[in-house]
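Notes to accompany the following structure.
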Amino acid sequence: MSLVSRYLEENGVPTVVIGSARDIVEQCGVSRFVFTDFPLGNPVGKPGDSDMQKAILEMGFNLLESAAFARTTVQAPFVWNAEDDVSWRKSFMEFE
Amino acid sequence: MSLYTPSHRIAVSYIDKSRELYLHRGFGNPYRWASHANAPFAKLNKPLSECTVAVVTTAVPDEDAGSKRKLWSAPCNAIPENLFTQHLSWHKTETHMDDLGSFLPLAHLKDAAEQGRIGSLGSRFYGIRTTFSQRQTVQEDGPAVLEMVRQDQVDAVVLIPI
């Protein structure tokens, strides 16, 4: 997806990526990136939380308007759960 | 506690996780994620309230499409109830994909157009393939999406990888 973003930018089309795999997107190098620190799957916001989804989409709009140079990342100001339980970080692609 | 936090600053490394998993499974030559020293940058050349905005997803219409992995598009005037994502690497023990708005916010984009935040929503949304072949993404999918963007007179694109 980041490669398609780059291709569009190279051809004059402004883009913003909204995603949850920060290292993959930033290593590839895109113009504008809204990073949502959630388990992979719901980068626009928690399922069922329409207000959060609108807020994260709005961050994307804002970045389209305001980013001054490439590789601008902003982070959505949300955590996955209210207890700040981050066991999801470990449980993805876990083995043994 | 609310879910709002202004100060979270750590991230999972999926590059490390995928490398470790591949090595564990006996693949001696792990996938090399794309890496670039520079990144292109195109400026918005008019107010967002006058822009047609399109969106790109990695979801597919149904299970059959998931196995075929083709580039696709669909009109935005009939928002699908949901799309197929089971073939993708989302966190299956931690979340679910039953709410389209959490990964393809067509309804929110439509609202934004009605409220004048963006000019309009593109007539179609686009689906690209997830593939190990970076050549295929750059040489086939990139140009195909660009062509649709130009046909649909799109001014800015939101890309949402799952």
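No value in this document is a laboratory result; all are computed from the given coordinates. Just so you know, these numbers come straight off a predicted model, no measurement behind them. All Cβ positions, glycine included, derive from the backbone under ideal geometry; neighbour counts span all protein chains shown.
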Practice problem: Scan the stretch B:150-162 and report the pairs whose first residue is closer than 24 Å to B:Ser102 by Cβ and within 7 Å of chain A (Cβ to nearest Cβ) and whose second residue is of a type in the set (A, V, I, L, M) and part of a helix (DSSP H, G or I), with Cβ atoms within less than 6 Å and a gap of 6+ or a chain change. | Solution: B:Ala156/A:Leu64; B:Val157/A:Leu8
Practice problem: Restricting attention to the stretch A:1-22, report how many residues are over 14 Å from the mean Cα position of the chain (by Cα) and β-branched (Val, Ile, Thr). | Solution: 2
Exercise. Select from the stretch B:119-137 the residues that are at the interface with another protein chain (Cβ under 7 Å from one of its Cβ atoms) and surrounded by 16 or more Cβ atoms within 10 Å (Cβ to Cβ) and list them in ascending order.
Key: B:Ile128, B:Thr137
Quiz item: Here is a list of conditions, (1) in contact with a strand residue (DSSP E or B) (Cβ under 8 Å, 6 or more places away or on another chain); (2) in a helix (DSSP H, G or I); (3) more than 23 Å from B:Ser49 (Cβ to Cβ), and A:Gln27 meets all of them except one; can you say which number that is?
Solution: (1)
Quiz item: Quick one: would you say B:Pro30 is touching a helix residue (DSSP H, G or I) at 6+ places or on another chain (Cβ under 7 Å), more than 8 Å from chain A (Cβ to nearest Cβ), over 29 Å from A:Gly48 (Cα atoms) and not hydroxyl-bearing (Ser, Thr, Tyr)?
Solution: yes
Self-check item: Per-region count, the stretch A:3-22, residues within 7 Å of another protein chain (Cβ to nearest Cβ), over 16 Å from B:Val53 (Cβ atoms), buried (at least 24 other Cβ atoms within 10 Å of the Cβ) and hydroxyl-bearing (Ser, Thr, Tyr)
Solution: 0
Quiz item: Of A:Pro47, A:Pro43, A:Pro39, which residue is closer than 20 Å to B:Ile10 by Cβ, in contact with a helix residue (DSSP H, G or I) (Cβ under 8 Å, 6 or more places away or on another chain), free of Cβ contacts under 8 Å to residues at least 40 places away in the same chain and part of a loop (DSSP other than H, G, I, E, B)?
Solution: A:Pro43
Practice problem: Run B:Val55 past the list (1) outside any loop (DSSP other than H, G, I, E, B); (2) in contact with a Leu (Cβ under 7 Å, 6 or more places away or on another chain); (3) over 20 Å from B:Ala144 (Cβ atoms) and report the number of the one that doesn't hold. | Solution: (3)
Quiz prompt | Set A:Val25, A:Val30: member being closer than 23 Å to B:His36 by Cβ, within 14 Å of the chain's Cα centre (by Cα) and more than 7 Å from chain B (Cβ to nearest Cβ) | solution = A:Val25
